[in-house]
Amino acid sequence: MRLNICILLVTSCVAFAGEKIPILVTTNHFKTPQELIEYYCARDGAGFYWTGMTEAERKNLTTWKEIPSHDSFLITKQYKIVPQKTAFLDEAQIEVIYDLTDIGDAHGTRSPAAEKEYRVTFYLKKHYGRWKIQKPNASQIVPVLLESHLKNR
Amino acid sequence: MRLFNSYYLLTIILLISGWFFVEFNLMSQNCPSGYNARTLTHSIASNLLTNTSDIQRGTRVCVDQKNIDHKKQNGLGQTFLRGWYDGKTVPMPENAFLGETKNELSALQPESEISITNMLPKDNRFFGLKSSTFPKVSAGEFHLPNSCVLNQRDQHEQEETEQAENSLEENFMDQKNTNEDRIFDPETNPQTDPNGLMRATADDSEKAARNIAQQDLFQSILAARKAVYEAIEEDDQNVSEPYRQIPFSALGKFLEQSKAGLNDLAQSLDQTKEGIESSEKFRFASLTQLAQEKTLLSLGAFQKEINQQSYLGATMAFKELFSPPSGNPLSRTPELSEIFNNPSLLKSENLVNRLILFHGLPKQEQDLLLKKLKLVEFLDLVLENGTKKKISLLHNGYFLGGGLTGTDCSLLASSALPVEMRKGKFTSLDFRAMWIYRRKGVLPMPPRYKKDRAELIKKVSKAFVPINVYAGEKPMVGDLLVYRLPWETSGHVFVVKSYDPKFLTAEVIEASQSAGTIRERVFALSTDPIEEKNRIIRAGLFNLRLKPKSNQVCQYHGGTI
């Protein structure tokens with residue numbers, strides 16, 4: 001009971017940015033590709049994947065051989081996860097549309113983003129009953145932070 | 001028959017008139033001297049520009065006013081080239097912008113000159129622009145509009161002049177530096193020419209000395225990196241050791257202690273007004289938050305195991321779970337191993353695990369440990385409410401202070417290698433900016449720097465000599481070769497091991513993402529086929545040569561020169 005209250009408190013604390021950030025997971029309990037992408041985008045938007053994805057997340061949520069590594073990141077006002085239109089037994093595609101503002105880094109340096117709208121299509125595959133992100137792979141994917149999280153830091 | 005001849009004649013007249021009309025219109029574009037108004041050839045079938053068009057690599061094109069589009073975004077003016085596609089004028093793709101100069105509409109003038117530095121034959125699009133009016137290299141994909149094209153002969157002369165100007169400009173910029181900065185640059189000798197400017201000369205013995213110096217520098221960069229790696233290993237061992245003897249049942253207490261310590265650290269960082277650089281604050285706040293989450297998860301896993309063992313203990317002997325002999329001492333159950341696993345040493349996650357272990361120890365043990373740890377910074381923070389607070393911040397190496405005085409040069413260069421370090425120090429975009437600043441005397445814009453950040457970039461740039469690979473200058477051993485396109489988030493920073501000017505390839509070392517170690521590879525400065533007669537160096541390359549003696553920014557310690 002005490003543990004549950006603690007988790008609730010921490011979750012409230014980490015949601016100070018206004019957007020709810022899901023707590024770290026080390027196992028893949030996501031039943032649908034949509035849930036997995038929602039988790040991914042929320043953690044990415046909070047800056048965790050730019051700082052460094054954990055090995056547990058890499059192994060359990062993706063098929064990547066390495067974690068993404070960038071010295072800068074894209075900054076977005078908001079993003080929209082387009083609901084999956086077609087579904088196959090063990091493959092899925094989910095598109096995320098970002099409304100970009102800048103390219104930035106932790107020092108506050110800003111460059112204009114080349115495109116205002118940035119679309120990422122996630123290709124997911126089922127591995128032993130668990131959905132995992134296959135593409136883009138680690139070298140292709142770019143960290144995208146929510147502007148609101150940057151302001152709060 | 002006569003009617004047929006008339007029609008035939010009329011058609012010819014119309015064709016000739018049409019040709020004159022087109023040519024007249026083009027000529028009336030008022031091209032600058034040396035430029036010819038010319039229609040770009042294009043494939044009628046596809047309406048796309050082809051590789052056999054008049055525009056080739058190196059062609060200089062003068063941009064007509066009507067082909068320039070100015071926009072304002074985020075307070076910065078941007079310039080776009082208006083495209084010509086399928087006979088209609090359409091806006092350029094967003095990534096065809098030439099960038100900004102100031103907070104107003106771009107200064108790109110109708111007579112501004114752009115040259116094509118590369119071409120992508122696959123899409124028949126041009127890639128690579130260099131504008132002589134901007135102090136930077138910009139690039140983008142676009143279809144070239146009808147414009148004035150510089151004659152080939154004039155183009156060659158213009159290139160030669162520009163190279164000469166760049167060389168003089170660099171010498172002039174060096175001359176403007178203070179005496180402290182004017183350390184011996186192997187490329188220059190104190191000989192003045194009739195114009196009163198320094199000329200770059202070097203005889204064979206100086207070249208040999210320079211080569212040796214660069215080799216030493218290369219070795220000291222590698223040694224610095226190795227030293228950091230070993231320091232991380234040692235610190236990991238030191239924080240793990242107290243846990244190896246702790247019984248599993250007692251771990252809960254340590255995890256609770258860690259949770260409290262990390263909460264305190266997170267609050268301190270959150271409320272800090274002064275005392276830590278903004279980038280470090282951002283990164284460490286994120287790392288601390290991750291550490292808090294991991295601690296909570298491990299508390300959950302610990303409790304679950306205790307409950308399970310208590311249940312089993314009713315019928316079976318209680319089994320104590322021992323610490324693994326190496327690796328994370330908390331990885332005592334499958335679930336805890338999943339949480340802590342074994343990330344490679346240079347990864348952020350390894351630092352997160354070390355933070356959890358450190359903050360889990362009693363205060364007294366922490367104080368003893370702080371005397372042993374190599375990678376820790378003691379910071380005096382000033383909080384928002386005005387109170388002062390001392391914290392000890394564990395890190396993963398290369399924690400450079402804001403002032404940078406007394407920084408080891410090889411450490412500065414070595415920190416460029418791993419992406420992890422670049423996040424907190426200098427990104428590939430910053431190295432690009434340093435190069436441009438050293439060449440042109442102004443920082444490029446974009447990016448938009450904060451004032452104190454801009455000053456830091458300018459200061460640190462003085463540790464380097466900018467080498468222009470596009471003007472034929474060659475990378476040398478120990479150089480930092482930066483590859484960065486400004487509209488992308490990722491860049492590479494290599495240390496040059498050797499360079500082959502014939503094939504335009506460099507043997508480089510760079511940080512390997514997965515293994516956390518460095519790897520050697522061959523990096524091609526040109527993507528053109530080797531058999532191509534005129535191979536162009538790809539856009540986005542900036543070669544920085546660390547000055548071979550101690551200077552205002554950094555000093556050499558032990559071994560190098």
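Just a few scattered comments:
- Percentage of interatomic Cα-Cα distances in region A:25-151 larger than 26 Å: 18 percent
- Packing around the peptides B:453-462, B:412-421, taken as the average count of other Cβ atoms within 10 Å per residue, puts them in this order, highest first: B:412-421, B:453-462.
- Applied to region B:333-338, the Karplus parametrisation 6.51 cos²θ - 1.76 cosθ + 1.60 on θ = phi - 60° returns per-residue 3J(HN,Hα) values of 10, x, 5, 5, 5, 5 Hz, with x for Gly and Pro.
- Stretch gain in nm, segment B:Glu520-B:Lys459, where the contour uses 0.36 nm per residue and the Cα spacing is subtracted: 18.9 nm
- Applying 1/(1 + (r/R0)^6) with R0 = 45 Å to the Cβ-Cβ distance of A:Ile97 and A:His127 gives a FRET efficiency near 0.95.
- Ranked by the mean number of other Cβ atoms within 10 Å per residue, highest first, peptides B:327-336, B:343-352 order as B:343-352, B:327-336.
- Using the Karplus relation 6.51 cos²θ - 1.76 cosθ + 1.60 with θ = phi - 60°, the per-residue 3J(HN,Hα) values for region B:409-418 come to 4, 6, 6, 4, 5, 5, 5, 6, 5, x Hz, with x marking Gly and Pro.
- Neighbouring Cβ atoms from other chains, within 10 Å of the Cβ of residues in B:496-503, number 0 on average.
- Counts of other chain beta carbons within 10 angstrom of each beta carbon in peptide A:128-136 average 0.
- Backbone amide hydrogens, once placed in the peptide plane, bring B:Thr527 within less than 5 Å of B:Arg538, excluding anything fewer than 5 places away on its chain.
- Amide H contacts of B:Tyr499 (H built 1.01 Å from N, under 5 Å, at least 5 apart or other chain): B:Glu507
- Computed from label points 7 Å out along Cα-Cβ, the spacing between B:Glu234 and B:Gln303 is 4.0 nm.
- Each peptide in A:139-146, B:475-482, B:491-498 gets a packing score, the mean of other Cβ atoms within 10 Å over its residues, and the list from highest to lowest is B:475-482, B:491-498, A:139-146.
- Applied to region A:143-149, the Karplus parametrisation 6.51 cos²θ - 1.76 cosθ + 1.60 on θ = phi - 60° returns per-residue 3J(HN,Hα) values of x, 10, 9, 7, 4, 5, 6 Hz, with x for Gly and Pro.
- Three-way shape label, region B:450-526, alpha-carbon gyration tensor, a/c 1.5: oblate
- With all protein chains kept in place, the per residue accessible area of region B:245-394 amounts to 46 square angstrom at a probe of 1.4 angstrom.
- Taking amide hydrogens as placed 1.01 Å from N in the peptide plane, the amide H of A:His127 sits under 5 Å from those of A:Lys132, each at least 5 positions away in sequence or on another chain.
- Shape of region B:245-394, Cα gyration tensor, a/c cut at 1.5: prolate
- Along principal axes, Cα extents of region B:266-305, largest first, whole Å: 43, 14, 9
- Taking each of B:Lys374/B:Lys423; A:Lys31/A:Lys59; B:Lys389/B:Lys423; B:Lys281/B:Lys547; B:Lys304/B:Lys363 in turn, the alpha-carbon distance tops 23 angstrom for B:Lys389/B:Lys423; B:Lys281/B:Lys547; B:Lys304/B:Lys363.
- Burial of 20 Å² or greater, region B:252-291 residues [accessible area, probe 1.4 Å, versus chain by itself]: B:Lys259, B:Asp270, B:Ser278, B:Ser279, B:Phe282, B:Arg283, B:Ser286, B:Gln289, B:Leu290
- A:Lys59-B:Gln245 pseudo-label distance in nm [points 7 Å out on the Cα-to-Cβ vector]: 3.0 nm
- Shielding score for A:57-67, defined as the mean number of other chain Cβ atoms within 10 Å: 2
- Averaged over its residues, region A:25-151 has an accessible area of 41 Å² per residue, based on protein heavy atoms and a 1.4 Å probe.
- Distance (nanometres) between label positions extended 7 Å along Cα→Cβ at B:Val382 and B:Ser310: 5.0 nm
- The interface between chain B and chain A buries about 4500 Å² of solvent-accessible area in total (1.4 Å probe, ligands and nucleic acids excluded).
The values are calculated or read from the model by the stated rules, or taken from the named source; none is laboratory data. As the structure is a prediction and not an experimental result, all values here were calculated from the model. When we count neighbours, we look across all protein chains shown, and the Cβ atoms used for this are built from the backbone with ideal geometry, even at glycine. Just the protein is used for accessible areas: all its heavy atoms, side chains included, with ligands, DNA and RNA removed. Shrake-Rupley method; radii C 1.70, N 1.55, O 1.52, S 1.80 Å.
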